[in-house]
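Peer 1: Handing you this structure, nothing more for now.
The values are calculated or read from the model by the stated rules, or taken from the named source; none is laboratory data. Since the structure is predicted, the reported quantities are computational estimates derived from the model, not experimental observations. Here the Cβ positions follow ideal geometry from the backbone for every residue, glycine too, while neighbour counts run over all protein chains shown. Accessible surface is based on the protein model in full, side chains and every heavy atom, while ligands, DNA and RNA are left aside. Shrake-Rupley method; radii C 1.70, N 1.55, O 1.52, S 1.80 Å.
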Amino acid sequence: MTKFFKLLCLLILPASAWAQPIEMADTMRSEGKIYVVVAILLLIFVGLITYLILLDRKITKIEKKLPPDSNS
Amino acid sequence: MKTWVKILCIALLVYTIVGGFLLEVPRLNIVNESIRALYFHVPMWFGMIALFTVSLVYSILYLNKPAFKRDAFAVEFVHAGIVLNILGLTTGMIWANYTWGSPWHGDPKQNGAAIALLIYLAYFVLRGSIENEDQKARLSAVYNIFAYAAMIPLLFIIPRMTSSMHPGNGGNPGFNSYDLDSRMRLVFYPAVIGWTLLGVWIAILRVRVRFISEKLLNLEHD
């Protein structure tokens, strides 16, 4: 009887653990992990744009060092 | 370029990347998910046309009344346009490899785009071969008008007269049914505006660098 009970426990316990889906932060893993690709692309894009903005500011700084426009 | 235009450009492109991958698209055979490449490949060409058109306008303005600034705009907009052209060609080759079967399919529009690239590269060959700055600017402005006039039939007329695998070509003008899909329009038009603005932004940065070097040159002469 005890043996049978132990066997029953072994069979049922894991099953009950699987019975209901456990909520986790699954957004990034759903739909074939497409969100991961979007995150990577966004990071690259933000990096490139930041670089472009810094370049823009650097050029502005140099422009301000030069004497103002005369006629050209 | 105004700051709000730059912010608009960034916002539209972020929307393009997020929406372009996550929003619904039509389910079609062969193209499958690669239909999303429309949001990235086609705007390269729209952007290129926009930049080349700006360059053409400045070339005409230059011939009307020569000024260093007009020449600078004409050169740098061609320069940025060529970058978009090369990106359009290479992304098209990747796309064609998996949907048409080979990267270079000899499609009339593909060939036309490659010839247009060569024509515009010759613009820089011409500029590089003339020493005198005024002559360089004037001759290249004339050539630029010719280049634009040659590009339009190569990209928009010849592919429609023969059979092309690009949608909307080979007899049926306008957009094909799949890119007319209203769900795709929601991302496609913002994408076109966003990528075009990015091209304009980079071109203007290059114009400003050209102004700076010209100023430095003038300072040395004084």
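Peer 1: Report the label-to-label distance for B:N132 and B:N29 in nanometres (one decimal), using points 7 Å from each Cα along the Cα→Cβ vector.
Peer 2: Placing both labels 7 Å beyond Cα along the Cβ direction yields 6.4 nm.
Peer 1: In the stretch B:102-161, if the dipole is taken from +1 on Lys/Arg beta carbons and -1 on Asp/Glu beta carbons about the Cα centre, which of B:V125, B:W104, B:V142 is farthest to the positive end?
Peer 2: Final value for the positive-end residue is B:W104.
Peer 1: For the protein assembly as shown, how many pairs of lysine residues have a Cα-Cα distance under 25 Å, where the two are 8 or more positions apart or belong to different chains?
Peer 2: Total qualifying Lys-Lys pairs in the protein assembly as shown comes to 24.
Peer 1: Percent relative contact order of chain B, based on C-alpha pairs within less than 8 angstrom and at least six residues apart?
Peer 2: Dividing the mean separation by the residue count of chain B yields 33 percent.
Peer 1: Can you give the calculated 222 nm mean residue ellipticity of chain B, where each DSSP H run of n ≥ 4 adds -39,500 (n - 2.57) and the sum is split over every residue, rounded to the nearest 500 deg cm²/dmol?
Peer 2: Result for chain B: -26000 deg cm²/dmol, rounded to the nearest 500.
Peer 1: Moving to a separate point now. Relative contact order of the stretch B:45-176, please, whole-number percent, based on alpha carbon pairs below 8 angstrom and at least 6 residues apart.
Peer 2: Once normalised by length, the contact order is 25 percent.
Peer 1: Could you sort B:Y58, B:Y148 by their accessible area in this structure, using a 1.4 Å probe and putting the largest first?
Peer 2: Listed by decreasing accessible area, they come as B:Y58, B:Y148.
Peer 1: What average number of partner chain Cβ atoms lie no more than 10 Å from the Cβ of the residues making up B:118-126?
Peer 2: Across B:118-126, the average partner-chain Cβ count within 10 Å equals 0.
Peer 1: Moving to a separate point now. Relative to the first principal axis of the alpha-carbon coordinates of chain B, what is the inclination of helix B:133-152, with its axis defined by its Cα atoms, in degrees from 0 to 90 and to the nearest 10?
Peer 2: 20
Peer 1: Round to the nearest 0.05 the FRET efficiency obtained for B:M1 and A:I22 when R0 = 45 Å and r is the Cβ-Cβ distance.
Peer 2: Efficiency computed from Cβ-Cβ geometry: 0.35.
Peer 1: Continuing with the same structure: Sorted by accessible area with a 1.4 angstrom probe, largest first, how do A:T2, B:T16, B:T162 fall?
Peer 2: From most accessible down to least: A:T2, B:T162, B:T16.
Peer 1: Would you work out the charge dipole size for the protein assembly as shown about its Cα centre, treating the Cβ of every Lys and Arg as +1 and the Cβ of every Asp and Glu as -1, and quote it to the nearest 20 debye?
Peer 2: Taking the Cα centre of the protein assembly as shown as origin, the dipole is about 440 debye.
Peer 1: Let me have the relative contact order for the stretch B:44-96, percent, based on Cα pairs under 8 Å that are six or more residues apart.
Peer 2: 48
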